[in-house]
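Engineer: The structure's right below; bear with me while I get my questions together.
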Amino acid sequence: MRDYEYLELDGVALSELLATGETSSEALLACAISIARQTNPALNAICYPDYEASMQLARDWRPSGAFRGIPFLLKDSGLASARLNSKLGSSLFDSIQYSADSTLVARFADAGLISFARTTVPELCMAPTTEATQNGGPTRNPHDHSRSAGGSSGGAAAAVATGIVPVAHGSDGAGSIRIPSSCCGVFGLKPSRGRVPMGPYRGEGWAGLAADGVISRTVRDTAAALDAVSGFEPGAPYCAPPLSRPLIDAVHRPFDRPLRIAVWKEPLDGIALAPECAAAVDATAQLLRDLGHEVEYRPPPAGLDYEDFVADHIRVLAANIVLSVDARLNVLGRKLRDGDLEPAILDGYELGKSISASQYAAAVTRFHSLGRLLDEPFEHYDIVLTSTLAQLPARLGSLSMNDSFTSFRAKVGRYSTYLAILNASGQPAASVPTYWTENGLPVGSQLVGRFGREDLIVQLASQLESTGTWQPARRRPQFNA
């Protein structure tokens, strides 16, 4: 297979070629590595490449799983893999080695996804832009090199957008799948809390805010991947309601009635949308009307105090910085040194040590209350539509870690207003690339579902995809190494 042929196909299509013997896992991985070598010098989306060993794995591969042996990338999020080291974008965490795979990594392999490298992240995955100093430079937006690819799954989204892989691992603790998907013009779905396993080495991330998933160019690739890796894990503290049918069945399935869709466009806590983001919401709302759905502009639920939520979010993140850093220092058998952490994360570490147990417990309690509040609209509506981001993809350096943690996270809260609240509620939500500016920048819109209803999001996103408003092959940026 030639590189240009590989670039035109999604993961499901590639797996079908493997099933018929028209290509091999070795040939597909050779294409992925070739494209990575061409694009990554400008993109800076990949770390810990393991090309030679992965090629040998692909040579020995026998087609199995839903994807039968296609190339795949793991996010540098600390998800345990016995084959690929991790550093979480941090000098302190550089070259972490794992003795065994996490449950999710094992399920990715069982699904026929061959991981051959990690994708870049900001330090400790705590930024909406991927500019960790440990990565040797920023991960650039493939559509505009002066802008961020998003974060924290910035490397994953950039790699998918440029065609290195059709689908890649991502995780989302405050929008980290949806932010880069919006920035890079791809599809990113954050699953319901407990849908995808996080064990066996941890039960939850960031007080239940974090969820693992994938980023892809097509809806069906995400559906097939989530079908393959989702499901109860013994001992897990959360479990999403089982789906009545596989998600792949929702792709291209017609609706038996028009959906009722609420649009939230009013400023949340005074944070107005950039004109392009407002235009994206309106354009997506009109697409949904054209598809026959009932669309109604509504205000967000009364009682949603966003400023208080941001303060709680900061406390929970800071406390988790302390947990992670102290655990790493204990393994290394030393104290913190200058240069171990970037300024904002170091400040967050100091802040976290000052947070009381009652403050932390109160924040988690308010997160749970928010989950109940954000479920209320679904008594009357099937889907909620918002802008994914409040602004265009951030310019590099505009959301800098050279700041206090509180100031940095407050800026993040104004950039990604409608995202982290859904991590608190645990609801599924997806960024769909249905709008592009005149200058060729993608602007995502977010589809939010009721807890456990990824199927409805997949069904609607697939219907939007069929309109041709996002065409990954036509939109794919060109790179010269």
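Engineer: Which net charge results for the neighbourhood of residue 261, defined as the other residues with beta-carbon distances under 15 angstrom from its beta-carbon, given Lys and Arg at +1 and Asp and Glu at -1?
Structural biologist: Around residue 261, the charge tally is +1.
Engineer: Where q = 0.12, 0.15, 0.24 Å⁻¹, what log10 of I(q)/I(0) comes from the Debye formula for the range 112-215, counting one point per Cα?
Structural biologist: Relative scattering, expressed as log10 I(q)/I(0), comes to -0.36, -0.56, -1.29.
Engineer: Let me ask you something else. Calculated from DSSP H runs of 4 or more alone, at -39500 (n - 2.57) each and per residue, what is the 222 nm mean residue ellipticity of the chain, nearest 500?
Structural biologist: -12000 deg cm²/dmol
Engineer: Separate question: Based on Cβ point charges of +1 for Lys and Arg and -1 for Asp and Glu, what charge dipole magnitude is obtained for the chain about its Cα centre, in debye rounded to the nearest 20?
Structural biologist: Working: 43 positive and 51 negative charges, 76 e Å.
My answer is approximately 360 debye.
Engineer: Between the range 386-438 and the range 240-304, what is the separation of their alpha carbon centroids in Å?
Structural biologist: 18
Engineer: Using the alpha-carbon centroid of each, what span in Å lies between the range 359-383 and the range 53-114?
Structural biologist: After rounding, the separation between the Cα centres reads 34 Å.
Engineer: Quick one: net charge around residue 340, please, counting Lys, Arg +1 and Asp, Glu -1 for every other residue with C-beta under 11 Å from its C-beta.
Structural biologist: 0
Engineer: In addition: Anything over 26 Å Cα to Cα? Flag those among 190/335; 87/335; 75/411; 75/190; 190/353, in the order listed.
Structural biologist: Check vs 26 Å cut-off fails for 190/335; 190/353.
Engineer: Taking only C-alpha pairs under 8 Å that are 6+ residues apart, what is the relative contact order of the range 3-475 in percent?
Structural biologist: For the range 3-475, the relative contact order is 17 percent.
Engineer: Multiplying the sequence separation of residue 95 and residue 469 by 0.36 nm and subtracting their Cα-Cα distance, what value in nm do you get?
Structural biologist: Details: separation 374, 0.36 × 374 = 134.64 nm, distance 4.12 nm.
Working it through step by step, the gained length comes to 130.5 nm.
Engineer: Once you list every other residue whose beta carbon is under 11 Å from the beta carbon of residue 49, what net charge do they have if Lys and Arg are +1 and Asp and Glu are -1?
Structural biologist: Charge balance in the 11 Å sphere: 0.
Engineer: Give me the compactness ratio for the range 3-475, meaning the Cα radius of gyration over 2.2 N^0.38 Å.
Structural biologist: Relative to the rule-of-thumb radius for its length, the range 3-475 sits at 0.90.
Engineer: HN-Hα J couplings of the range 73-84 from phi, Karplus 6.51/-1.76/1.60, θ = phi - 60°, integer Hz, Gly and Pro as x?
Structural biologist: Running phi through 6.51 cos²θ - 1.76 cosθ + 1.60 with θ = phi - 60° gives 10, 9, 5, 7, 9, x, 4, 5, 9, 5, 8, 10 Hz.
Engineer: Across every pair of different alpha-carbon atoms, what Kirkwood hydrodynamic radius in Å does the range 18-139 reach?
Structural biologist: Radius from the Kirkwood sum: 14.9 Å.
Quick note: the coordinates plus some simple rules give every number you see, no bench work behind them. This one's a predicted model, so the numbers in the text were calculated from it and none came from an experiment. Neighbour counts are summed over all protein chains in view; Cβ atoms, including those assigned to glycine, are modelled from backbone coordinates with ideal geometry.
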